[in-house]
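Report on the structure given below.
The values are calculated or read from the model by the stated rules, or taken from the named source; none is laboratory data. All values reported here derive from a predicted model rather than from experimental measurement. Heads up, the Cβs are rebuilt from the backbone with ideal geometry, glycines too, and the neighbour counts pull from every protein chain shown.
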Amino acid sequence: MNDNEKYIEEFVNDIPFDAPDDEHRDELKKQLLNAFPKHRLQPTIHTVNVWRKIMKNSITRIAAAAVIIVAIGLLLNFWSDSVAYALDQTIEANHSVRYIHIKEITAGHEDEPKEFWLESYEDGQVKNVRMHMPSWDAPEDGAKVIVWKENTAQVWMKKKNVLVTVMDKAVADQMLKLVKAYDPRLAVERLYKQEAEGKVKIEIEEPSDKSRPIVVTATGPSRRDVLFVDQATKLVTAIKFYQLKDGEYQYQSLLELNGYNQPIDAKVFTLDEVPTDAIRIDQTTQEVGLEQGNLTDEEVAAEVVRKFFEALIAGNYAGAGQLLEGAPADFIQKQFGQIKFIRIISVGPVGPHPNPQTRGLVVPCTVEIETDGKIIQWKLERIGVREVYNQPGRWTIFGGI
Amino acid sequence: MASSKAENTDLIRQACSDPDAFAQLYLLHYNDVFNYCIRRLFDRHSAEDVTSTVFFKVMHNLSSFDGKVTDFKNWLLRIATNAVNDHLRNSRRRADVIQKIVKNTRAESEFVIPSNDKLLEKKVLLKRALLSLKPKYQTVITLRFFENMKLTEIAACLGKNPSTVRSCLSRAITKLRKKLNTAATRKGG
């Protein structure tokens, strides 16, 4: 805790505040119960039927979730002094890695490892990255391949047949954090530093058989890392991670460090495998979503949804696409062109998204549409709206409608 | 009080369609929401208004909550944060709040806790300083110092990245201290 924090903590300590009032609590309870939605008492059959009808008419979920959440499941606590400071790319990168291929095999998901290929410039800054993120990491998106270069990330979601291009600095920072902590040449050295500071206890097992690796076990208060060091090259080739749970160190994951400083084919850092019919959404060449201006988060979320449907009513598919992660007009037309949108019946009330990780809001909306010659109401209860990835102050519908 | 997680999960599920279960859930969390609101708004009436707004929103959106029972309080506080921020964003209302503070503080010092003038004085300074910050700074300060949340918990509650919250909190603390110091100096001078 720093000095400012301590000061505030001491300042606010003991400041008296009004206690909750029983009268208000009981009165509000009455009001709430009087207003309790009656339709909730019965299943919402009407909505379900409408939804089924719509689905038959091929309005399918659109998939354009562009947020890159690369959860590298490593525990960096041991190395906190070395890696916790700002990892901005402008800071000289203190590691020896020019090329590396890292495979992370997580307990329970042995069949689907995460994989990372990294190329650095001579000064240690990140040049190219390729990541394979398995489907279990984000089931909604499915497996993802991410290729990163010059602050631009291309995210290929095979299941959704979508390629999203976004501005991104986080990938480079995450990769720097990874190689700084687990640099095959410097990792053991860092560990000794931690031992000198009393943070871990190190045990070394050096087999007389030179073909077997040296095993360095570092045990801290809540976790244990076991490093395997090649006796000939003195490079760390693998690390096993354990966490203290229920009184014993339980295995979490294995990190394999391969191809240390062996040049990686440039093709690895391209996305040649994306099929020509993939939906391509490039957020780096267009302004995605709606500018927030002076609107509150809830107001702008409702406005995005309103404008999206207004655009569909007007047949402005480019405009609608801009509000749906920047999806191309022809894609929007293909999805929605066969439906006649007549009018917006209601938008809101806006609420928080049920999945906080999305950092979004939910905007219910009811529109009137004509399908199969019939006019029906289409209730959409979970339209997600959030800030555009790396475009603060602009808001978009995400994850389909 | 020591209800199990499973019981609470059931209660949340039942509360979507059963008014009695909803009432039970409401009573379990009323104090949490009110206490958060009063620490953001420093005014009983505003805090009660916003608490009402929060629970109406909860009632209408409860069926969309599909997180774990441990996420429920975070979900509530997130709704409360949005409601308080909306309340404060209206600049006219904001000005009223600040005016009310001055009036109410006088009333409090006379009728509520007459024995501790120093604490009340500190409260006035805190109110003025805190309410003059941007709502996002007020939010992280309240969660950190009144809800005693850790950085990761604040991030989870607000649905933000921990590094974003860290820098926001750091800025908020610096700004608040500066304002408190300035106010204290003025008062002293």
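Within the stretch A:107-123, if we keep just the residues that are surrounded by fewer than 19 Cβ atoms within 10 Å (Cβ to Cβ) and in contact (Cβ under 8 Å) with a residue 24 or more places away in the chain, the residue that is nearest to A:Val164 (Cα to Cα) turns out to be A:Glu112.
For the structure I just gave you, tell me whether A:Ala301 is free of Cβ contacts under 8 Å to residues at least 40 places away in the same chain and out of contact with any helix residue (DSSP H, G or I) (no Cβ under 7 Å at 6 or more places or on another chain).
On the way: free of Cβ contacts under 8 Å to residues at least 40 places away in the same chain: no; out of contact with any helix residue (DSSP H, G or I) (no Cβ under 7 Å at 6 or more places or on another chain): yes.
So A:Ala301 fails the test.
Condition check for A:Leu178 on (1) within 21 Å of A:Arg280 (Cα to Cα); (2) crowded, with 20+ Cβ neighbours inside 10 Å: one failure, at (1).
Taken together, the residues in the stretch B:140-163 that are more than 10 Å from chain A (Cβ to nearest Cβ) and either out of contact with any Cys (no Cβ under 8 Å at 6 or more places or on another chain) or charged (D, E, K, R) (or both) amount to 7. Put simply, of A:Glu381, A:Glu325 the only residue that is surrounded by 17 or more Cβ atoms within 10 Å (Cβ to Cβ) and among the acidic types (Asp, Glu) is A:Glu325.
The criterion of at least 1 residues that are surrounded by fewer than 17 Cβ atoms within 10 Å (Cβ to Cβ) and more than 16 Å from the chain's Cα centre (by Cα) is met by the following helices (runs of 4 or more DSSP H) wholly inside the stretch B:135-189: B:151-158, B:162-188. The residues on offer are A:Phe17, A:Phe11, A:Phe36, and the sole one that is at pLDDT 50 or above, in a helix (DSSP H, G or I) and at the interface with chain B (Cβ under 7 Å from one of its Cβ atoms) is A:Phe11.
Please report, ordered by residue number, the strands (runs of 3 or more DSSP E) entirely within the stretch A:208-281 with at least 2 residues that are within 22 Å of A:Lys144 (Cβ to Cβ).
Working: elements: A:214-219, A:223-229, A:236-245, A:248-258.
Result: A:248-258.
Of all the criteria given as (1) in contact with an Asp or Glu (Cβ under 9 Å, 6 or more places away or on another chain); (2) at pLDDT 60 or above, the one not satisfied by A:Ile69 is (2). Only residues that are in contact (Cβ under 8 Å) with a residue 12 or more places away in the chain and within 12 Å of chain A (Cβ to nearest Cβ) were counted across the stretch B:164-176, and they come to 8.
In this structure, does A:Glu205 turn out to be loosely packed, with under 13 Cβ neighbours inside 10 Å and modelled with pLDDT under 85? No.
The helices (runs of 4 or more DSSP H) located wholly in the stretch A:290-401 that include 2 or more residues which are within 14 Å of another protein chain (Cβ to nearest Cβ) and at pLDDT 90 or above occupy A:297-313.
Which members of the stretch A:269-289 meet the condition of being at pLDDT 90 or above and surrounded by 14 or more Cβ atoms within 10 Å (Cβ to Cβ)? Those that are at pLDDT 90 or above and surrounded by 14 or more Cβ atoms within 10 Å (Cβ to Cβ): A:Phe269, A:Thr270, A:Leu271, A:Val274, A:Gly289. Filtering the stretch A:271-285 to residues that are among the aliphatic types (A, V, I, L, M) and closer than 22 Å to A:Gln322 by Cβ leaves A:Ala278, A:Ile279, A:Ile281.
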